[in-house]
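Quick note: the coordinates plus some simple rules give every number you see, no bench work behind them. Keep in mind it's a predicted model, so treat the numbers as computed, not measured. All Cβ positions, even for glycine, are placed from backbone atoms using ideal geometry, and neighbour counts span all protein chains on display.
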């Protein structure tokens, strides 16, 4: 596991859609050890992965639980992590 490779992949995928600054807000605060746990949850908990990833992210005090993506819309940060981990583990980026 390499956080730098994960962050680079996130920039490649999400910068054109959401912009570099939003990607930084979402993904830079996570520690590599926390990312490893998220990936383990993603790989081992098929039926409850979304719930468990959301709860784990909520327990990390350096991550925001929600992120404003448009002026009137917010998404759970876990949605971004689930999608990013899917791409990262499948190596389809």
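Rounded to whole Å, the principal axis extents of the Cα atoms in the stretch 38-88 read 35, 23, 18, largest first.
Hey, with R₀ at 30 Å, roughly what FRET efficiency would residue 1 and residue 74 work out to, going by the Cβ-Cβ distance, to 0.05? The calculated FRET efficiency here is 0.55.
Listed values (1) 1.00; (2) 1.16; (3) 1.33 include one computed from this model; for Cα Rg over 2.2 N^0.38 Å that value carries the label (1).
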